[in-house]
Amino acid sequence: MRIVITGSSGLLGRHVAAAAVAAGHDVLGIDSVPPPAGSGWRHVTADLTDLGIALQLVRDADAVFHIAAIPRPTGRAAAEVFQTNMALAYNVIEASALSGVTRFVYASSFSIFGYPFFTNWPKQLYLPIDDNHPAGPQDAYGLSKWLGEEMVQAAVARGAFTAVSLRMPWVQTPEGFAGQIGPRRASGDAGRDLWSYIDARDAADAFLLALQAPIEGHARVMISAADSYMDEPTAELAERAFPDVMRNPMPGFASTFDLDNARRTLGYEPRHSWRDYPTS
């Protein structure tokens with residue numbers, strides 16, 4: 001299958017692109033910067049905030065994985081984050097619709113629920129969070145991801161393609177985990193992440209599952225690791241941060257996200273845990 005992957009040079013994008021190539025797909029990666037040396041996919045360096053460029057590059061695709069975005073609302077003006085992410089999403093979605101793409105997979109985020117960049121703690125109705133929990137973004141990044149899902153929905157409603165929006169927490173790799181999560185734990189801000197993460201390889205698996213899943217319309221699906229990134233039991237963490245909201249058990253170090261929808265819809269099952277990462 002011919003797959004266009006936007007944001008293919010980033011951490012998530014390059015794992016997704018590599019997995020798609022390994023699965024035998026014809027992959028065109030598009031990013032504002034080149035991919036790492038030795039990447040096994042065709043690449044175009046381009047600015048997809050230009051609709052004409054997006055149309056030119058997407059026109060021969062069977063499927064599109066839209067990952068390109070400014071990945072956080074820090075270090076940039078909020079207006080730039082919002083404007084860039086909205087332009088990227090609109091242009092890639094519209095180009096895909098006009099080009100006859102049949103399956104669109106959108107990299108969404110758990111930030112649609114308000115985490116981790118909130119000003120006021122989100123109103124957490126229940127834990128673990130499932131895909132029926134109301135959205136509540138507060139920042140420019142989370143808002144752009146939520147509105148991106150809504151743009152995907154609008155295209156599906158007019159019959160453009162079938163689609164999957166994958167809602168992901170912080171993407172991690174064995175190489176980067178200690179350097180990122182260690183300081184986060186020490187800072188006391190781990191609760192802002194809902195103590196959650198996803199291994200980049202599991203995220204890549206989910207994109208490939210989303211490509212083939214028998215979906216009609218638009219499926220919005222939460223994916224994560226099966227466990228938290230903490231050494232303290234999840235129920236104890238949750239009870240301190242969100243007293244009396246736990247609806248279903250979260251035994252041991254279980255994720256704060258309910259993955260049942262991902263299992264039913266995609267056949268997704270996380271395979272990787274930071275507890276198995278090399279320690280040196």
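Could you tell me which of rounded, prolate or oblate describes the stretch 65-131, using a ≥ b ≥ c as the square roots of the eigenvalues of the alpha-carbon gyration tensor, with rounded for a/c under 1.5 and, failing that, prolate when a/b is larger than b/c and oblate otherwise?
oblate
Sum -39500 (n - 2.57) across every DSSP H segment of at least 4 residues in the chain, then divide by the residue count to get the 222 nm mean residue ellipticity, nearest 500.
Roughly -11000 deg cm²/dmol at 222 nm, from the helical runs in the chain.
Would you work out if the stretch 166-280 is rounded, prolate or oblate? Take a ≥ b ≥ c from the square roots of the eigenvalues of the alpha-carbon gyration tensor; rounded if a/c is under 1.5, else prolate when a/b is larger than b/c, oblate otherwise.
Since a/c reaches 1.5 but b/c is at least a/b, the shape of the stretch 166-280 is classed as oblate.
Write down the accessible area per residue of the stretch 1-131 in Å², having rolled a 1.4 Å probe over the full set of protein chains.
Result: 41 Å² of accessible area for each residue.
Can you tell me what share of the DSSP beta bridges in the chain is antiparallel? A percent to the nearest 5 is fine.
Within the chain, antiparallel bridges account for around 5 percent of the total.
Which shape class applies to the stretch 1-101: rounded if a/c is under 1.5, otherwise prolate when a/b exceeds b/c and oblate if not, where a ≥ b ≥ c are the square roots of the Cα gyration tensor eigenvalues?
oblate
How long is the gain from T102 to A157 if the chain were fully straight, where each residue apart is worth 0.36 nm and the alpha carbon distance is subtracted?
18.4 nm
What do you get for Rg/Rh over the chain if you use C-alpha atoms and the Kirkwood form of Rh?
0.95
What is the sum of charges, Lys and Arg at +1 and Asp and Glu at -1, for the other residues whose Cβ falls under 12 Å from the Cβ of A262?
Combined, the nearby Lys, Arg, Asp and Glu give -3.
With a probe of 1.4 Å, find how much accessible area the stretch 187-280 has per residue, and write the answer as a whole number in Å².
Spelled out: the 1.4 Å probe surface of the stretch 187-280, per residue, equals 45 Å².
Taking amide H atoms as placed 1.01 Å from N in the peptide plane, list the residues 5 or more away in sequence, or in a different chain, whose amide H sits under 5 Å from that of S165.
Amide H to amide H, under 5 Å and 5 or more residues apart or across chains, S165 pairs with Y106, A219, R220, V221.
DSSP H helices in the chain with Cα extent of 30 Å or more along the helix axis and mean Kyte-Doolittle hydropathy at least -0.5?
Length and hydropathy pass: 78-99.
Rounded to the nearest percent, how much of the accessible area of the chain (1.4 Å probe, protein heavy atoms only) is carbon and sulfur?
Answer for the chain is 53 percent, counting heavy atoms of protein chains only.
For I215 and N132, compute 0.36 nm times the residue count separating them, minus their Cα-Cα distance, and round to one decimal in nm.
Difference between extended and current length: 28.1 nm.
Roughly how many debye, to the nearest 20, is the charge dipole of the stretch 1-156 about its Cα centre, given +1 on each Lys and Arg Cβ, -1 on each Asp and Glu Cβ, and no other charges?
Dipole size: approximately 240 debye.
The values are calculated or read from the model by the stated rules, or taken from the named source; none is laboratory data. All of these numbers come straight from a predicted model, not from anything done at the bench. So basically every Cβ, Gly included, is an ideal-geometry build from the backbone, and we count neighbours across all protein chains shown. Each accessible area value is taken on the protein alone, full model and side chains, heavy atoms only, with ligands, DNA and RNA left out. Shrake-Rupley method; radii C 1.70, N 1.55, O 1.52, S 1.80 Å.
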